[in-house]
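Encoded as structure tokens, the structure appears first; notes follow it.
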Amino acid sequence: MAEVLAIGRCRPYNKGMKTWTTPWGTLSLGRQPYDGDPALQAWSAADLVLARYALEAVDTSEKLQVVFNDAFGALTVLLIQNHRSVAQISDSSLGQRSTLLNLEANELSSDKVLLLDSLTLPEPEKTPMVLYRLPKTNALLEFQLHQIRSLLPVGSVVAASAMVKELHTSTLEIFERVLGPTVTDLAEQKARLIRSTVAERAPAQPEFPTVFAVEGLGMRLVNHASVFSRENLDEGTRLLLQHFPKIGMGKKTIIDLGCGNGVLGLAAARRAPEAKIYCVDESFMAVWSARETFHINELGGRGFFLPGDGLEDFDAASADLILCNPPFHYQNAQTLEIALSMFDQARKVLKPEGELWVVANRHLGHHKALAARFASVRTAALDEKFIVLRAKR
Ligand SMILES: C[S@@+](CC[C@H](N)C(=O)[O-])C[C@H]1O[C@@H](n2cnc3c(N)ncnc32)[C@H](O)[C@@H]1O
């Protein structure tokens, strides 16, 4: 039976904690994963405008506060410090961890927070107060505004916030279309409060998840709203599929690291009928998409699907093959740190004869990063934009 396993182990951190001073309390906050950039912090002015709305503009003290997309838990922790009960909905398992670690760092109990993944809604007894941080994509925005509609009666006000640079005319059109009349306040420290009133007439729900077929490969890929390359196959992934490792017979352990819709894991499951395939991603929607991809391609019993931070839940020397198209963004920041941490983890988790196959943009320089960690690194394929690298301990 394929399984989605529970949220992975917590990796405690004590690096990069910063102080957030607000009119409602002072907090010490960190980002998980810590990426070493001293300029990055766990909160933004968009959290501040939502906090002001929740703690001053209206009396919400009796209501459950449903907080969406709280990247590192800053808003959640501030609300808990101010004696609110919070249901936090996030697509990021790392965001959930940051929330727990930031609560602990501020000696606050996690009893008053319910952490839910992005496909699950709370069942509040009374109408909740919704506080919404704008997500990265319009697809996720649209999906979540429909979720919010299902939580609230007509006439309720939804408070959302965004940094001015994230806010486009198309964004506000989605608020208007899905929820109803929408107004924005004047910008404060480059952030804006958005208020939408839920209107009577509900628009048709977009179809989620979507499915696309990969021409020539006989695969169908399932994609929930936040998944990487959810409308077509990524060109780097295609190159790796065209130059896929030859997998011998036997009970191998293969990991699709940063699985997205599970395309690489699925290709491995087809070629290695006796292997155990693990699909890992920090995004809940990715993990669920990968699981549904296996099912729709009739390989439902072959995979294990884990939300978490890279390979942290795997034992040393346990994997024969790791396949990876590593991320180069986290939240709104570009970063190579996650890819580098994945390479470090892969070195530990591979068996002595095991191999890591990586596809990436050539300009990212992953060849050097791998050569610093692995005894042998070879180029398995190359085109104008992408490179497939094969590393052995
Ligand atoms: C470039 S995408 C590749 C997706 C898929 N393998 C493909 O080829 O289409 C990178 C993936 O890594 C995931 N990711 C980001 N940080 C991660 C982390 N710390 N642990 C596991 N997965 C992570 C992202 O959510 C994203 O799905």
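The numbers here are math on the coordinates, done by the rules we state, and not lab data. It should be emphasised that the depicted structure is a prediction, and the values quoted were computed from it without experimental measurement. We place every Cβ from the backbone using ideal geometry, glycine too, and count neighbours over all the protein chains shown.
Computed quantities for the displayed model
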{"read-out": "Under-12-angstrom lysine pairs by C-alpha in segment 210-392, whenever the two are 8 or more apart or on separate chains", "value": "5"}
{"read-out": "Mean-position separation - Cα centroids, segment 112-157 and segment 275-315, in angstrom", "value": "26"}
{"read-out": "Square roots of 5 times each gyration tensor eigenvalue, C-alpha, segment 7-197, largest first, Å", "value": "25, 18, 16"}
{"read-out": "Hypothetical label at residue 205: residues of segment 149-170 whose amide nitrogen lies under 16 Å (7 Å Cα-Cβ projection)", "value": "149-153"}
{"read-out": "Taking the C-alpha atoms of segment 34-101, convex hull volume expressed per residue in Å³", "value": "87"}
{"read-out": "Restricting segment 320-393 to GluC sites (Glu not before Pro) in coil, as DSSP defines it, with at most 13 other Cβ within 10 Å", "value": "384"}
{"read-out": "For the chain, radius of gyration divided by Kirkwood radius, i.e. Rg to Rh on alpha-carbons", "value": "0.98"}
{"read-out": "Those chymotrypsin sites (Phe, Trp or Tyr not before Pro) in segment 320-393 that DSSP places in a loop and that have at most 16 other beta carbons within 10 Å", "value": "328"}
{"read-out": "Given charges at Cβ of Lys, Arg, Asp, Glu: the chain dipole, positive-most of 196, 180, 81", "value": "81"}
{"read-out": "GluC sites (Glu not before Pro) within segment 169-238, DSSP loop, no more than 16 other Cβ atoms inside 10 Å", "value": "200, 207, 215, 231"}
{"read-out": "Dipole of segment 7-197, positive end: most advanced residue of 49, 69, 32 [Cβ charges, Cα centre]", "value": "32"}
{"read-out": "Share antiparallel - DSSP beta bridges, the chain, percent rounded to 5", "value": "50"}
{"read-out": "Within the chain, helix-based [θ] at 222 nm, where runs of 4 or more DSSP H residues each add -39,500 (n - 2.57), nearest 500", "value": "-7500 deg cm²/dmol"}
{"read-out": "Segment 13-64: Cα Rg divided by the 2.2 N^0.38 Å rule of thumb", "value": "1.37"}
{"read-out": "Choice from 249, 163, 285 showing the highest fluctuation, given a GNM over the chain with Cα pairs closer than 10 Å", "value": "249"}
{"read-out": "Rough spin-label spacing in nm, given labels placed 7 Å along Cα→Cβ, for residue 372 and residue 189", "value": "3.4"}
